[in-house]
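The values are calculated or read from the model by the stated rules, or taken from the named source; none is laboratory data. Bear in mind the structure is a predicted one, so any value in this text is a computation, not a measurement. Cβ sites come from the backbone with ideal geometry, for glycine too, and all protein chains shown count toward neighbours. Side chains are part of the model used for accessible areas, which takes the heavy atoms of the whole protein and leaves out ligands, DNA and RNA. Shrake-Rupley method; radii C 1.70, N 1.55, O 1.52, S 1.80 Å.
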Amino acid sequence: MRVESVDLFYFAMPEITDEVDGSQDMLLVRVRAGGYEGWGECEAAPLPCIAAYCCPPSHGVCKPVKVSVEGAQLNDPEDIRRINAEVRRLGLDLLQTDHTLSGVDVALWDVLARSKGVPVYELLGDGKSYSKMPYASVLLQDTPQATFEKAKEIRQKGFRAAKFGWGPWGTKTLKDDVEQAEAARAGLGDDGILLIDAGTIWQNDPAPALERAEALRPYRLTWLEEPFRSEALDAYRTLADAHPELSLAGGEGANNYYMAHELVMRGGVKYLQIDAGRIGGITTAYECRLLAERAGITYVNHTFTSALALSASLQAFAGAKPFEIAEYPTELKPVAQELSPDKILPDADGYIRAPQAPGLGITPDLQALKKYLVPVRIEVKGKVLYETPSLDE
């Protein structure tokens, strides 16, 4: 079969706030091939991604994503890998390519797996999907007391693990951060798994992180996530070498395999967090899972948006039994909550796993999303390059 059409849909909440919450809007990608339909989601600003899909070429390796996708042969996983590589080759100088490719690649895996009646992870070569311990992923609260209450609430809902990130972390004093960590630990309990996401607050300066590392020791963090930007490899290595007891996590900011590779090999991260909606899709996410296996570190999904994105990110390591922990967003905005009636919910033991239905096992409800649709039209020299497709077609 061949790729017959690719449609992109921009959905958003009525108001976008400064809250660091990626579930406020979404770009869904629909791929049709051989009478089947597959879906993906780009974890990036929708409008630039749409432009990268359809923009006029600037030169031979600055071409839009569509030229490598539409009409392409799609019969087996190697076809997807070939499309993925061709998109990157022809879009070398189009810097939004990776984010747009991510949603397209996910949709390609979904439609191919649906056509064969198997979950995506089976196409990747995994015979089964193993259970993962979900950690409730939430933003850090404004005060230690509010963080304590949130952690206690998370534990009462049956989660053993929780991650608190961004918010006020690193914006005030060492004492403030320690009080937040103390509150989170108290709320989760002594046996809870506590994760802190610093939200790249220190950019490329290891000094504030070094100052906090020893002070945070009593609270037994399983990891400190993204204290620096993904490119700040020297800062990561400095912290990793000075405090080997404090495992570092990173990778959500990586938009290609090479960035992830450098974080592992030069930055010294012990948890590699990959978002299929950013890295270049399931194709590249799976390559990063293999990287983690070779390096002897832990692969973790990054997901802070919809059930569709969660399923996509789980597929890459669904069959890797040693990688037992998974990010699980618990406070999604309505546009993400209402994407589909299909959900990935914790079982009676509190664990989740990638859906066993064909493809990703998540089908968007376009009628439910209609009220969030953002119409877009891109016209160049009087020619319409893109116009939001009808939700009824």
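Scalar couplings 3J(HN,Hα) for segment 317-329, obtained by applying the Karplus form with A = 6.51, B = -1.76, C = 1.60 to θ = phi - 60°, are 10, 4, x, 9, 4, x, 8, 9, 10, 9, 6, 9, x Hz; x denotes Gly and Pro.
Looking at the square roots a ≥ b ≥ c of the eigenvalues of the Cα gyration tensor of segment 25-171, which shape do they give, rounded for a/c under 1.5, prolate if a/b is larger than b/c, or oblate? Here segment 25-171 falls in the oblate category.
Applying the Karplus relation 6.51 cos²θ - 1.76 cosθ + 1.60 with θ = phi - 60° to segment 133-142 yields 3J(HN,Hα) values of 7, x, 9, 5, 9, 9, 7, 4, 7, 6 Hz, where x marks Gly and Pro.
Cβ-Cβ distance of H59 and R237, R₀ of 25 Å, FRET efficiency by 1/(1 + (r/R0)^6): the value works out to about 0.10. Calculated FRET efficiency, T173 to Y351, Cβ-Cβ distance, R0 = 41 Å: about 0.60 to the nearest 0.05.
Shown for segment 235-393 is the translational diffusion coefficient from the Stokes-Einstein equation, using the Kirkwood radius over Cα pairs, a temperature of 10 °C and a viscosity of 1.306 mPa s: 90 µm²/s. For segment 23-93, the equivalent ellipsoid built from the Cα gyration tensor has semi-axes of 20, 19, 10 Å, listed from largest to smallest.
Projecting label points 7 angstrom from Cα along Cα→Cβ for E293 and E78 puts them 2.0 nm apart.
Exceedance of the 25 Å cut-off in Cα-Cα distance is limited, within the set K150/K370; K152/K270; K66/K270; K132/K270; K333/K370; K150/K343, to K150/K370; K152/K270; K66/K270. Which percent of Cα-Cα pairs in segment 2-49 sits in each 5 Å bin, short to long? Pair shares across the bins are 5, 19, 26, 19, 13, 9, 5, 3, 1.
Of R2, R30, R294, the order by accessible heavy-atom surface (1.4 Å probe, DNA, RNA and ligands excluded), from most exposed downward, is R294, R2, R30. Placing +1 on the Cβ of every Lys and Arg and -1 on the Cβ of every Asp and Glu, with nothing else charged, gives segment 349-393 a dipole about its Cα centre of roughly 220 debye.
Efficiency by 1/(1 + (r/R0)^6): what FRET value for E393 and K343, r their Cβ-Cβ distance, R0 = 25 Å, to the nearest 0.05?
Once rounded, the FRET efficiency stands at 0.45.
Sorted on the mean count of surrounding Cβ atoms within 10 Å across their residues, most packed first, peptides 63-72, 372-381, 339-348 read 63-72, 339-348, 372-381. By the compact-protein rule of thumb, 2.2 N^0.38 Å, the alpha-carbon radius of gyration of segment 235-323 corresponds to a ratio of 1.03.
Heavy-atom surface analysis with a 1.4 Å probe gives the chain a carbon and sulfur content of 51 percent of its accessible area. Stretching D18 away from I378 to a fully extended chain increases their span by 126.9 nm, per 0.36 nm per residue minus the current alpha-carbon distance. Bin width 10 Å, alpha-carbon pairs only: give the P(r) of the chain as whole percents, running from 0 to the bin holding the largest distance. Binned Cα distances yield the sequence 5, 24, 33, 25, 11, 2, 0. In this simple spin-label model, placing a label point 7 Å from the Cα along the Cα-to-Cβ direction at both E70 and D191 gives a separation of 5.7 nm.
Normalised by residue number, the volume inside the convex hull of the Cα atoms of segment 88-246 is 172 Å³ per residue. Reported to the nearest whole Å, the Cα centre-to-centre distance from segment 298-370 to segment 220-269 is 25. Phi-derived couplings, Karplus 6.51 cos²θ - 1.76 cosθ + 1.60 at θ = phi - 60°, listed residue by residue for segment 235-250: 5, 4, 5, 4, 5, 4, 6, 6, 9, x, 6, 9, 5, 9, 10, x Hz, with x used for Gly and Pro.
Relative protection proxy for 125-137, 243-255, from highest mean packing down: 243-255, 125-137 (other beta-carbon atoms within 10 angstrom). Subtracting the Cα-Cα distance of T143 and K321 from 0.36 nm times their residue separation leaves 60.4 nm of extension gain.
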